[in-house]
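Engineer: Take this structure, written in structure tokens, and hold onto it; I'll ask about it next.
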Amino acid sequence: MIKKNFYKNKIILVTGATGSIGKSLIIKLLKKNCKTIRALSNDENGLFNLKGIIEKHNLNLKKVRFLYGDIREYERCVLATKDVDIVIHAAALKHVEICNYNPNEAIKTNIYGTQNIVNASIENKVKNFMHISTDKAAMATTTMGQTKSLAEKLIINSGINTGYIPIKFSAVRFGNILASRGSVIEKFIYQIKNKMSLTVTDKNMIRYFMTINVATEMILNAISIAKGSEVFIFKNIGKFKIIDLANA
């Protein structure tokens, strides 16, 4: 349960604001009486669409600042974090195949980009920093998982080494988000509509899933109870074989 009034009058920065998690977080935060939300993304069209989504929910658009920029650029991170109370770092390259084929780019975003937003947060004395991680960071065997695992270590180390600056650096892991952008369900639906065979790499593969609503509530709850230098891992994530999902 999120602490009562925890987000009231807070200035919050959400990186990766145009992704599935970022958009959902912004909608929820607008309902919690925060002062301002800064939505940072390098997806111009995504920022434009985000504006429409907020209007569709009849929420206060005046509270949102649409920041176009990239976490790879330190100066942009410094400007974005100025006077911010809470940073929710959701920006990342997340597709396994794309990261494997473009490892240098995955490193630039998931590792160097994370370090940029961390250093900027320290410079501007942000109070809370929550890094959105993944179950793929555990015993990582892919470029995506390995970069996210190292990003977690950067976060935890930052919490230990901030010294006198009282910043709570934490991370939260969860599994696949049902029907999120680029998820396997989206892929299956596309294949079904186009009369294609469903792609199942391994019939014995078990995947962990949760809804976007549950994921965002867990993130906001984790921020409100975080003490710093910890990784939150949620136990109530559903799991099932990918072949069963394909059959369904």
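Engineer: Identify, please: which residue in segment 1-41 is in contact with a Gly (Cβ under 7 Å, 6 or more places away or on another chain) and of a type in the set (Ser, Thr, Tyr) and is, among those, farthest from Ala80 (Cα to Cα)?
Structural biologist: The qualifying residue farthest from Ala80 (Cα to Cα) is Thr18.
Engineer: Residues of segment 87-102 being surrounded by 15 or more Cβ atoms within 10 Å (Cβ to Cβ) and in a loop (DSSP other than H, G, I, E, B), which ones?
Structural biologist: Within segment 87-102, Ala90, Ala91, Ala92, Leu93, Lys94, Asn102 meet the criteria.
Engineer: Give Ser121, Ser133 a once-over and let me know the one that is buried (at least 21 other Cβ atoms within 10 Å of the Cβ), without any contact (Cβ under 8 Å) to a residue 60 or more places away in the chain and not charged (D, E, K, R).
Structural biologist: Unique residue meeting the criteria: Ser121.
Engineer: Of all residues in segment 71-84, count the ones that are crowded, with 17+ Cβ neighbours inside 10 Å and either closer than 15 Å to Thr18 by Cβ or in contact with a strand residue (DSSP E or B) (Cβ under 7 Å, 6 or more places away or on another chain) (or both). Full working, then the answer.
Structural biologist: Looking only at segment 71-84, we keep the residues that are crowded, with 17+ Cβ neighbours inside 10 Å, and these are 71, 76-77, 80-81, 84.
Subsequent filtering for residues that are either closer than 15 Å to Thr18 by Cβ or in contact with a strand residue (DSSP E or B) (Cβ under 7 Å, 6 or more places away or on another chain) (or both) retains 71, 80-81, 84.
Counting residues in segment 71-84 that are crowded, with 17+ Cβ neighbours inside 10 Å and either closer than 15 Å to Thr18 by Cβ or in contact with a strand residue (DSSP E or B) (Cβ under 7 Å, 6 or more places away or on another chain) (or both) gives 4.
Engineer: If I go through segment 1-51 residue by residue, how many of them are open to solvent by less than 80 Å² (accessible area, probe 1.4 Å) and assigned to a loop (DSSP other than H, G, I, E, B)?
Structural biologist: Adding up the residues that qualify gives 12.
The values are calculated or read from the model by the stated rules, or taken from the named source; none is laboratory data. The structure displayed is predicted, hence computed values, not measured ones. Neighbour counts run over all protein chains shown; Cβ positions are idealised from the backbone, glycine included. Note: areas computed on protein heavy atoms with side chains; ligands, DNA, RNA excluded. Shrake-Rupley method; radii C 1.70, N 1.55, O 1.52, S 1.80 Å.
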